[in-house]
Amino acid sequence: MDAVQVMKQEVGRAAAAMVESNTIVGLGTGSTTAYAIQFIGDRLAAGEIENIVGIPTSFQAEVLSKQYGIPLTSLDAVDHIDLAIDGADEVDPNKNLIKGGGAAHTREKVVDALANKFVVVVDSGKMVDVLGSTFLLPVEVIPMAIAPVMRQLEALGGKPELRMGVKKAGPVVTDEGNLVVDLKFEAIKDPAALEIAINNIPGVLENGLFVGVADTILVGEIIDGEPKVRTIN
Ligand code: 5RP
């Protein structure tokens, strides 16, 4: 397993260890959270924890949770979420995030923001000084508005690109049936203002800036050849 996978696995394990019995858990999307889902399932199967119910943030999270034996429910059936575990594409020093690499950021923001505690699981390569340094900012857009929205995103200073499918002709279609525009900014100096400005464009459903949502970041690192997990509270 390469170093990045080892870091992802270790933070996934550390996040799964934070899950307590009799709780409602938000289950994020992506390759790092996939490890957390796997380890939560292992802990349930081993009898270490019991009476967990998960709220998946995507079709992927739903499929994985079923595979690993985690009972699921929906937001209609619960009045709170105790803990949400989710990955990120970038994390800045203020614990603000860019998410949406898996085009699931709309549901992720609903679930992660509702949680009493939101724990982010990342490998050390995701840590940046300024958001937008390494990753494009995803924006979910309803299909009929794609042309005007792309023009207005450009007017905000970003370079918009429609996300295309891999091993699928045509654009990526989200779990909600919408399109994703990836926006290149040189640097996002005011994430809070940009998050609001983008979401104010008619036709935009949600963007991947998560400002002031994360409580704890678990960062996977390799130090002297050994995997370690650093906690940022
Ligand atoms: C999906 C996400 C993911 O959490 C993010 O892309 C990180 O993914 P990975 O853990 O595979 O690097 O926001 O929409």
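The values are calculated or read from the model by the stated rules, or taken from the named source; none is laboratory data. Owing to the predicted nature of the structure, the values given are computational and were not obtained by experimental measurement. A quick note on method: Cβ atoms are made from the backbone with ideal geometry, for glycine too, and the neighbour counts reach across all protein chains shown. Each accessible area value is taken on the protein alone, full model and side chains, heavy atoms only, with ligands, DNA and RNA left out. Shrake-Rupley method; radii C 1.70, N 1.55, O 1.52, S 1.80 Å.
Please get the size of the charge dipole for the stretch 91-150, origin at its Cα centre, with Cβ charges of +1 on Lys and Arg and -1 on Asp and Glu, quoted in debye to the nearest 20. Write down the numbers at each step before the final one.
On the way: 6 positive and 6 negative charges, 32 e Å.
That gives the stretch 91-150 a dipole magnitude of about 160 debye.
Roughly how many whole Å is it from the C-alpha centroid of the stretch 32-108 to that of the stretch 163-233?
Spelled out, the Cα-based centre of one part sits 16 Å from the other.
So which of Lys8/Lys184; Lys8/Lys126; Lys95/Lys117 end up more than 18 Å apart by C-alpha?
On the way: Lys8/Lys184 26 Å; Lys8/Lys126 11 Å; Lys95/Lys117 13 Å.
Beyond 18 Å: Lys8/Lys184.
By how many degrees, between 0 and 90 and to the nearest 10, does the Cα long axis of helix 3-16 differ from the longest principal axis of the chain?
60 degrees
Got a sec to turn the phi values of the stretch 206-214 into Karplus ³J(HN,Hα) couplings, 6.51 cos²θ - 1.76 cosθ + 1.60 with θ = phi - 60°, whole Hz, x for Gly and Pro?
Values per residue, Gly and Pro as x: 6, 10, x, 7, 10, 9, x, 9, 6 Hz.
From the phi angles alone, apply the Karplus equation (6.51, -1.76, 1.60; θ = phi - 60°) to the stretch 71-85 and give each ³J(HN,Hα) in whole Hz, x where the residue is Gly or Pro.
x, 10, 9, 10, 5, 5, 9, 10, 10, 7, 10, 6, 9, 10, 10
Which percent of the accessible heavy-atom area of the chain goes to carbon and sulfur, probe 1.4 angstrom?
Numbers: 5670 of 10580 Å².
Carbon with sulfur: 54 percent of the solvent-accessible area.
Taking just the alpha carbons, could you work out the radius of gyration and Dmax for the stretch 137-203, both in angstroms?
12.0, 36
To the nearest 20 debye, what charge dipole does the chain have about its Cα centre, counting +1 at the Cβ of each Lys and Arg and -1 at the Cβ of each Asp and Glu? Walk me through the numbers before you get to the answer.
Working: 19 positive and 32 negative charges, 98 e Å.
For the chain, the charge dipole is close to 480 debye.
For the stretch 28-103, what is the charge dipole size about the Cα centre, in debye to the nearest 20, if Lys and Arg each add +1 at the Cβ and Asp and Glu each add -1 at the Cβ? Can you show the working numbers first?
On the way: 4 positive and 11 negative charges, 32 e Å.
Dipole of the stretch 28-103, to the nearest 20 debye: 160 debye.
Determine which residues of the stretch 82-104 fall in the zone a paramagnetic label at Thr134 would reach in this model, i.e. backbone nitrogen under 19 Å from the point 7 Å along Cα→Cβ.
Residues 86-103 qualify, since their backbone N sits under 19 Å from the label point.
Grab the DSSP H runs of the chain that are 4 residues or longer, score each as -39,500 (n - 2.57), total them, divide by all residues and round the 222 nm result to the nearest 500 deg cm²/dmol.
Working: 6 runs with 67 residues, N = 233.
Taken over the chain, the calculation gives -8500 deg cm²/dmol.
Enumerate the amide H contacts of Ala84 below 5 Å, restricted to partners 5 or more residues apart or on another chain; note that Pro and chain-start residues carry no placed amide H.
Hits under the 5 Å cutoff: Gly26, Lys117, Phe118, Val119.
Under a 5 Å amide H to amide H cut-off, with H placed in plane at 1.01 Å, what residues pair with Ile222 once short-range neighbours are removed?
Those lying under 5 Å, H to H, from Ile222 are Lys228.
Angle check, please: helix 146-155 long axis (alpha carbons) against the longest principal axis of the chain (alpha carbons), in degrees 0 to 90, nearest 10.
The angle comes out near 80 degrees.
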